[in-house]
1. So which residues in segment 143-170 are in a loop (DSSP other than H, G, I, E, B), within 27 Å of Asp45 (Cβ to Cβ) and not aromatic (Phe, Trp, Tyr)?
2. Could you grab me the full set of residues in segment 39-49 that are of a type outside the set (Ser, Thr, Tyr) and surrounded by fewer than 21 Cβ atoms within 10 Å (Cβ to Cβ)?
3. Only one residue in Leu237, Leu274 is surrounded by fewer than 20 Cβ atoms within 10 Å (Cβ to Cβ), over 22 Å from the mean Cα position of the chain (by Cα) and modelled with pLDDT of 90 or more, so which one is that?
4. If you scan segment 321-365, which residues turn out to be free of Cβ contacts under 8 Å to residues at least 40 places away in the same chain, touching a helix residue (DSSP H, G or I) at 6+ places or on another chain (Cβ under 7 Å) and not in a helix (DSSP H, G or I)?
5. Search segment 12-34 for residues being surrounded by 14 or more Cβ atoms within 10 Å (Cβ to Cβ), in contact with a strand residue (DSSP E or B) (Cβ under 9 Å, 6 or more places away or on another chain) and under 14 Å from Asp66 (Cα atoms), and hand back the single one that is modelled with the lowest pLDDT.
6. For segment 391-417, enumerate the residues that are in contact (Cβ under 8 Å) with a residue 40 or more places away in the chain and of a type in the set (Lys, Arg).
7. Are any residues in segment 37-77 at pLDDT 95 or above, assigned to a strand (DSSP E or B) and over 22 Å from the mean Cα position of the chain (by Cα), and if so, which ones?
8. Tell me yes or no: at least one residue of segment 54-70 is of a type in the set (A, V, I, L, M) and over 24 Å from Tyr104 (Cα atoms).
Amino acid sequence: MRIKIIHIMDHPPAYAEFANKEKPEVHWKLPGENWVGFYGHEWCDLIGNEIIKQVPEISYEVWQPDLNADRIYSHTFHTGLTHSLFPATLKSKISGLKRTNQVYSQAIINTLLEVTEKKLNKDNIIIECGFGATKFYKQILKFKKYLPIVSQYTGHPYNITALNRTFNPVKLIHRGLSLFERLRMVLMSDFLIIGDYLQKESILLKLLLPGRVFHTMIGIEETFFDRPDKSASRKALKIPEDCFVMFSSSRLVFPKQIDRLIECCNRLDHKYLLIISGHGTKEYESYLFKMVIKYNLTDKIHFIGYVSEQELLQYYSATDLFITTCLREGGPISAWKALAMGIPVFISNTGNVANFLKEQSAGCVVGVHEYNQWSNLLNKIILGEIAIKSPEIKHIHDLVSWNNCTRKYLAVYKEILEIHSMHKKRIKIKMKNAI
């Protein structure tokens, strides 16, 4: 079956977060100092490349709104995946009781209209997009009468269905209205993809969309299933053998609670080294750097920024304990990489990795806000008083190897096409009966 996937992203390139990094190989210069481009490392790029690799006859395109773009910019990678940047703007919208600016791309909507007018659905086109209570998402959903539209949500399902309680009546009204907006958008959706090991957290979504909520995993590269020599990695990175090494890899943004992790490290009594990989805005990175200086931890906490895949492998390999402390998380994929290499994981109680580790009675799962618990446990782990069990690597491989993950995606796509086809047939039958 020939299938064409058009994955419409809901956010523009994070140019501000890559301000300290060299421009990507794929980029175009604009007048002045502005430019547009992409690194090809978005989740949809990675998923698309792996799907094409497994089933070459599948066509996969990524459409991304870009606030810098003055026209459509496209590039086709050697894998066959095409990534396009479309002109976009920020549109003001009332969300709850607040006015927010949301990304909107009329150019993408216009191009989507051209696709439907040309009746390219002969190739079994599926539109995949990010879920959100936005005008852009609502406009995309208008095309569901012509093409199957599946919304992928890589975050935690509670972000969609939960009402964060507060004693402030104004905030409570705002959050209640925002929740109503999100649930209304769920009811307008036909299909949702949520991460695996988030089944319990997706119960309300399944009640709202019976039979149309799917669970898939984002895979990891095969290289993470073959851990390099730990001593050799430490030697290459100039890390002492007798040092207890903790490693964290993520975007440097507020929900990851890196600032709380730094505060926790300030309460540790024993010799350690915390290495933090990732990037963020200049302002937030500067805030974290100042915290490290404030607590006099410059010899114990090292920021390495955005590193190559080979360097990342070495840092993982040199690690005694992987740490992730997010407030609300769908994965994270960085923790799956650690588990695939047999590295013990210390994780806040949110996301599919935490659920998996609890099921396996493995890892160290801590309360999201239990900051004293973090430091108490880390002190004991560094001393060797607590030994953290890691799940069998074969089990991890079965869950998150790209081969297995892409098979799940392909099965979901085929099921969606079948459901959409049956729906169209029922509509035709009703129309004939009406005549």
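The values are calculated or read from the model by the stated rules, or taken from the named source; none is laboratory data. It should be emphasised that the depicted structure is a prediction, and the values quoted were computed from it without experimental measurement. We place every Cβ from the backbone using ideal geometry, glycine too, and count neighbours over all the protein chains shown.
1. Leu147, Pro148, Thr154, Gly155, His156, Pro157
2. Gly40, His41, Glu42, Trp43, Leu46, Asn49, listed by residue number.
3. Leu237
4. Ile347, Gly363, Cys364, Val365
5. Going through the qualifying residues, I end up with Tyr15.
6. Arg407, Lys408, Lys414
7. Tyr73, Ser74, His75, Thr76, listed by residue number.
8. Checked segment 54-70: at least one residue is of a type in the set (A, V, I, L, M) and over 24 Å from Tyr104 (Cα atoms).
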